[in-house]
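K.L.:
To start, I am sharing the structure in question, which I have written as structure tokens.
The values are calculated or read from the model by the stated rules, or taken from the named source; none is laboratory data. All of these numbers come straight from a predicted model, not from anything done at the bench. Don't worry about glycine lacking a Cβ; one is built from the backbone with ideal geometry, like all the others, and counts go over all protein chains shown.
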Amino acid sequence: VLESEDLQNSIKPQKVEFHSLNFNNTLQWQPGRAGEAKAAVYFVQYKVYGQSTWQNKEECWGVQDHFCDLTDETADVQEPYYGRVRAASGGVYSDWSLSCRFTPWRETMIGPPTVNVVQSNKSIIVKLQAPRSPYRRKRGSTIPMTNYYDLLYQVFIINNLLDEQHRVLVYEGKDKVVKIEDLRRGVSYCVVAKTYVPTLDRSSAYSSRQCTML
């Protein structure tokens, strides 16, 4: 009995956490500390905070992965959720390991906008597109993150002649088309952008660089 209790404890999943980008919500965990955990399979359940019954996630029932996509199960982004995981190895089941409470709207990381640049004379026109959630409208298009948040765009320019690491903020606001003027001909410029959510005081990572030579 002691051996199976030891095994129960040593295969129990560790660090059960939600990871979320643009409402793509994944429950992740680390295997237990035992060598036997290598051969373990995992079972995932989830529930809305306040509910008494846990729901099985069928696609993550008896799997060897250390993650489980719960995007569809956590689609009400204002609701708080819990996830939990247990492991089984050699016919022995661990106890459940519980995540912290997870509210997608508060905790998701918002990605950067998509950036396109077009040059015209001594200016650059920057076209921005909001990151998109995985959730779809009735007609099938994915819903942009601007539907859920008051998003601002921050646009930065880099003058490659001066310093490729020095980003200068040239615009902050909601416009999807931004014109950067009075630039120098014959100079290579790059543009990067971020999304910023004032209510949460949260910024995205930088977008990839879009560069052009004037």
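K.L.:
Can you name the number of the only condition in (1) over 15 Å from ALA130 (Cα atoms); (2) modelled with pLDDT of 95 or more; (3) in contact with a Phe, Trp or Tyr (Cβ under 7 Å, 6 or more places away or on another chain) that GLN154 fails?
P.N.:
All conditions are met except number (1).
K.L.:
Something else now. If you take just the strands (runs of 3 or more DSSP E) that sit entirely in the range 170-214, which of them hold at least 2 residues that are of a type outside the set (Val, Ile, Thr), under 24 Å from the mean Cα position of the chain (by Cα) and not assigned by TED's automatic domain parsing to the domain that holds GLN78?
P.N.:
Working: elements: 177-180, 188-197, 210-213.
Once the strands (runs of 3 or more DSSP E) in the range 170-214 are filtered for at least 2 residues that are of a type outside the set (Val, Ile, Thr), under 24 Å from the mean Cα position of the chain (by Cα) and not assigned by TED's automatic domain parsing to the domain that holds GLN78, what remains is 188-197.
K.L.:
Under the condition of being in contact with a Pro (Cβ under 7 Å, 6 or more places away or on another chain) and of a type in the set (S, T, N, Q), which residue from the range 68-93 is surrounded by the fewest Cβ atoms within 10 Å (Cβ to Cβ)?
P.N.:
This residue is THR71.
K.L.:
For the range 23-49, which positions are part of a helix (DSSP H, G or I) and either touching a Pro at 6+ places or on another chain (Cβ under 9 Å) or modelled with pLDDT of 90 or more (or both)? Explain how you work it out, then say what you get.
P.N.:
Of the residues in the range 23-49, the ones part of a helix (DSSP H, G or I) are 35-39.
Within the range 23-49, ALA37, LYS38 qualify.
K.L.:
Additional query: Among ASN159, ASN147, which is polar (S, T, N, Q), within 24 Å of GLN78 (Cβ to Cβ) and surrounded by 12 or more Cβ atoms within 10 Å (Cβ to Cβ)?
P.N.:
On the way: ASN159 fails: within 24 Å of GLN78 (Cβ to Cβ).
After applying the criteria, what remains is ASN147.
K.L.:
Against the definition (free of Cβ contacts under 8 Å to residues at least 24 places away in the same chain and either within 19 Å of THR71 (Cβ to Cβ) or in a strand (DSSP E or B) (or both)), how does VAL155 come out, yes or no?
P.N.:
On the way: free of Cβ contacts under 8 Å to residues at least 24 places away in the same chain: no; either within 19 Å of THR71 (Cβ to Cβ) or in a strand (DSSP E or B) (or both): yes.
When the stated conditions are applied, VAL155 does not pass them.
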